[in-house]
2 protein chains.
Amino acid sequence: MPYRETEKMRRRKAAARQRILEATRHCVAEGGFGQATISRVAREADVATGTVYRHFESKEALFAEVFRQATQREVDKVTEALAGDEPAPARLERALRRFAHRALRGPTIAWSLIAEPVDPKVERERLQYREAYAFQFRQAIDDGIRETSLPPQNADITATCLVGAIAESLVGPLAPAHRDRYTGLENAQQETLIEPIIRFCMQALTGRGGDNERT
Amino acid sequence: MPYRETEKMRRRKAAARQRILEATRHCVAEGGFGQATISRVAREADVATGTVYRHFESKEALFAEVFRQATQREVDKVTEALAGDEPAPARLERALRRFAHRALRGPTIAWSLIAEPVDPKVERERLQYREAYAFQFRQAIDDGIRETSLPPQNADITATCLVGAIAESLVGPLAPAHRDRYTGLENAQQETLIEPIIRFCMQALTGRGGDNERT
């Protein structure tokens, strides 16, 4: 008689898979991918290490899945911040601020998602997600050009430049060696980091310097 | 009697090491790190595969060394372009253009240096080299603020934003899937890609829109 998976078994397996993903995410949020060993993940998910490999063909495949889920969450937050009826520049500024604030509030996971050297599998996901961010920005820039709240420009290129600028400018501050300087600090202190980033991006977008005294 | 390395043997070893590095660089320039297998490298360097591992502890260590040498060359080109007596904005614009033009002229190696998913060892080098680029830009921005050719700004953050913007905006065009659209083309066609990138960067730097009709 062929082996038949019962409904109960299927649900139990799905629950174990979910626990493994959550445990990995938790480990990454605490110490990056570098600290998320399979034995630690298994212990935290309360499964045998062999069980992890029954659900994911390799540690890299597990990491890629965790990366995807966590980054999709961040892309969704940016999409949310871009929505609204205001002119495009206001929506874009809100989204860029949201990205930076969220990163500084969860610096370990943000570093892991943005820059931690991991595995080519994760790097490939990273490239795809950079495109997903740029796609969201591009739509808002197109809106801005159409409604003339932004000057004519190549929306595609502006969008990828924005993604590069904001991600790169946070790599240093989020890196394990520097992170303590900016996180766990008063919100006002985070602003000394975020304001110049936003200013850079908005000047590039709008071609206007705004308040140049605000350094 | 203890084994003594003669001068001749030392030179022969150094020459083999150099050939291995050059062969690897050549393979990467042709098809990226992904195509540079140790057996191909050994064949091209005219050594046994075992010899490669006597010089480099692993493929990743070899790749990291090749990455370092090739990227240092690019950083030197940017440093060269930043030198001169002109006001800082002109020097920065020249350096950004140099970076983009060099990338589009050698798209395979540029993609490998900027974005190809490789190995954590190479990723770590990449992060360090991003800092090296930013350091060069920062000095020119500081000059510009001092000589008032640039408005007051956080030079550190502007510099990292510039590195992020120019690198990210080239990732798509250099990627294997899109590369043919921009390379091997007339120079004029490359300009349709480069101009909006330079414009983004210069607007962000100077807070001035310049010629907004130039889309």
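Every number in this text was worked out from the coordinates using simple rules, so none of it is lab data. Owing to the predicted nature of the structure, the values given are computational and were not obtained by experimental measurement. Glycine also receives a Cβ, built like all others from the backbone with ideal geometry; neighbour counts cover every protein chain displayed.
Side notes on the structure shown:
- With the label put 7 angstrom out from Cα along the Cα-to-Cβ vector, residue A:178 ends up 2.7 nm from the copy partners, going from closest to farthest.
- Over 21 Å (Cα to Cα) - which of A:8/A:59; A:77/B:121; B:13/B:59; B:13/B:121; A:13/A:77; B:77/B:121 fall in this group: A:8/A:59; A:77/B:121; B:13/B:121; A:13/A:77; B:77/B:121
- Only helices enter this figure: runs of n ≥ 4 DSSP H residues, each worth -39500 (n - 2.57), summed and divided by the residues of chain B, yield -25000 deg cm²/dmol at 222 nm to the nearest 500.
- Modelled FRET efficiency - R0 25 Å, residue B:46 with residue B:73, Cβ distances, 0.05 increments: 0.55
- If you take all other residues with their beta carbon under 12 Å from the beta carbon of residue A:161, and give Lys and Arg +1 and Asp and Glu -1, the sum is 0.
- Kyte-Doolittle at least 1.0, axis length at least 20 Å by Cα - qualifying DSSP helices, chain A: A:155-174
- Kirkwood hydrodynamic radius over Cα pairs of segment A:1-56, then Stokes diffusion coefficient at 4 °C and 1.567 mPa s, in µm²/s: 109
- Here the Kirkwood formula puts the hydrodynamic radius of chain A at 19.0 Å, using every distinct Cα pair.
- Percentage relative contact order, chain B, counting C-alpha pairs under 8 Å, at least six apart: 19
- Grouping the Cα pair distances of segment B:104-199 into 10 Å bins from zero gives a pair-distance distribution of 15, 38, 31, 15, 1 percent in increasing distance order.
- When segment A:31-105 is reduced to its Cα atoms, the Kirkwood hydrodynamic radius in Å: 14.7
- Whole-number D in µm²/s for the protein assembly as shown (Stokes-Einstein; Kirkwood sum over Cα pairs; 20 °C, 1.002 mPa s): 91
- Sequence of B:51, B:24, B:148 once ranked by neighbouring C-beta atoms within 10 Å, starting from the fewest: B:148, B:51, B:24
- Inter-copy separations for residue B:37, label at 7 Å along Cα-Cβ, nm, ascending: 3.3
- Of B:42, B:110, B:177, the one that fluctuates the most in a GNM where chain B has Cα springs shorter than 10 Å: B:177
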